[in-house]
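The values are calculated or read from the model by the stated rules, or taken from the named source; none is laboratory data. As the structure is a computational prediction, the values presented were derived from the model and not from experiment. Here Cβ is always computed from backbone atoms with ideal geometry, including for glycine, and neighbour counts include all displayed protein chains.
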Amino acid sequence: MNQQLTLAYNNPYSYKHIEPFIGKGYKGNYYIYYTNLETGKRTKKTTNTKNQREANRELEIFKRRYYNNIGDLKIRRISELSAYYRQYKNQDFRPRTLEIYFTAFKKLISVIGDKELRKIIFLDMDRFKSILSGKMKDNSVNIYLRTLKSAFNFAKKAGLIDYNPMDGIKMIKIDEKERLCFEKEDVPKLIKCLELPFLERIVKFNLETGLRRGELLNVQWNDIDFVRQELKIRNKDNFKIKTNQERVIPLTNKMLVLLNQNPYENDSNAVIQQQLFGNVYELDFRKNINYVFGKVDGTRYTANYISRIFKKKIKTAGFDEKYHFHCLRHTALTNMANEGIPSFLIKEIAGHKKITTTESYVHPALSDIRNSLNNSNYSGLKY
């Protein structure tokens, strides 16, 4: 099996590494010889067989785990794989993602039973897709199909299965979803209708950065370096970035102005105060653990609350029902592109894994298209 493999240890040059191989040992049993990646010492483990063919098969399974840094897993059935994800993958995935995995496994068991992983075949997964297609929206079906494909890929890497039963199962084709944006001329009206200073500050910063809602609401003061003028978007104990990729965003002058604003300074209900001198008081809103776009006491707003109050305000102002908080991200990324900022830079700001994802968000505003048409005699006609 000739393939490019990447070792899982940090310093591959700290000791001599050997490619895992099999050899006969005590009483004719075959052993796997390899380098222990923690100690750097040559180690062996039994294959529990005297048959070379079976030993080679055990070697290939071992290699998959060895080069992907996966230990010996005692997982045979779907329910056991589901339990593994719930117990051990919580450091890798957001709670919402883990819940999707759990639901996908549960739905699969309801269709094909709690089968052994090695006995799941293409036809099982094709039937699963067909049954879900008759009960759920196409987009929801695709989410579960992608989730299970990822889970089976992990099982294949871990040597639990020899092939992925999802191979060949195609996603349901879905019409491209409209990327809703606020037009530039509507932004003043948008800001004016918000009324609440803290909400206005959140919306303005989102229009400047294009952050995801969760990323924005989880920014704390210790994520900001005012000297280097940088904002770090990072994973935390109670928050995981969608792509799990931390990144650093440069802070512009406009962003710094917004960060330095205190949206609660004229709030008569503000109770968290510190005395500066004499009878002058100021809100103490810059403790490192406090949330930059949080409540007056420095705690975090829930994402649903911000989305709900934003939706209520813009609906009252006459904006279409279809607009929502995530449209601010679409608007920011689109405006960056329309101002000539290259896609590869927007990709880094947005935190996308693929440039195609960035390009799918970006489209010219209707006003820009209209201006380009008006300023060009593309038809050759004279009036």
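Here are a few things to note about the model shown:
- Selection count, region 122-132, where residues are touching a residue at least 24 places away in the same chain (Cβ under 8 Å) and either part of a strand (DSSP E or B) or out of contact with any Pro (no Cβ under 6 Å at 6 or more places or on another chain) (or both): 4
- Listed by first and then second residue, the pairs linking a residue in region 355-374 that is closer than 19 Å to Thr209 by Cα to a residue that is at pLDDT below 80, with Cβ atoms under 6 Å apart and 6 or more places separating them unless they lie on different chains, are Tyr361/Arg179.
- Subset of region 354-383 (residues that are assigned to a loop (DSSP other than H, G, I, E, B) and β-branched (Val, Ile, Thr)): Val362
- Among the residues of region 241-251, some residue qualifies, meaning at least one is at pLDDT below 90 and touching a helix residue (DSSP H, G or I) at 6+ places or on another chain (Cβ under 7 Å).
- Condition met for Ala155 (surrounded by 15 or more Cβ atoms within 10 Å (Cβ to Cβ), modelled with pLDDT of 85 or more and not polar (S, T, N, Q)): yes
- Filtered by the rule that a residue be modelled with pLDDT of 90 or more and either polar (S, T, N, Q) or in contact with a strand residue (DSSP E or B) (Cβ under 9 Å, 6 or more places away or on another chain) (or both), region 261-293 gives Tyr291, Val292.
- Tyr163 fulfils the conditions (1) part of a loop (DSSP other than H, G, I, E, B); (2) buried (at least 17 other Cβ atoms within 10 Å of the Cβ); (3) hydroxyl-bearing (Ser, Thr, Tyr) except for a single criterion, (2).
- Region 300-353: number of residues that are on the phi > 0 side of the Ramachandran plot and part of a helix (DSSP H, G or I): 0
- Test: residue in region 93-116 that is within 17 Å of Asn164 (Cα to Cα), under 22 Å from the mean Cα position of the chain (by Cα) and among the polar types (S, T, N, Q): no
- Taken together, the criteria place Pro197 among residues that are assigned by TED's automatic domain parsing to the domain that holds Tyr361 and over 22 Å from Tyr361 (Cβ atoms).
- Candidates are the residues of region 125-179 that are of a type in the set (Gly, Ala, Ser) and under 19 Å from the mean Cα position of the chain (by Cα); the one that is nearest to Ser79 (Cα to Cα) is Ala151.
- Qualifying residues in region 91-105 (those that are surrounded by fewer than 14 Cβ atoms within 10 Å (Cβ to Cβ) and in a helix (DSSP H, G or I)) - the one modelled with the highest pLDDT: Glu99
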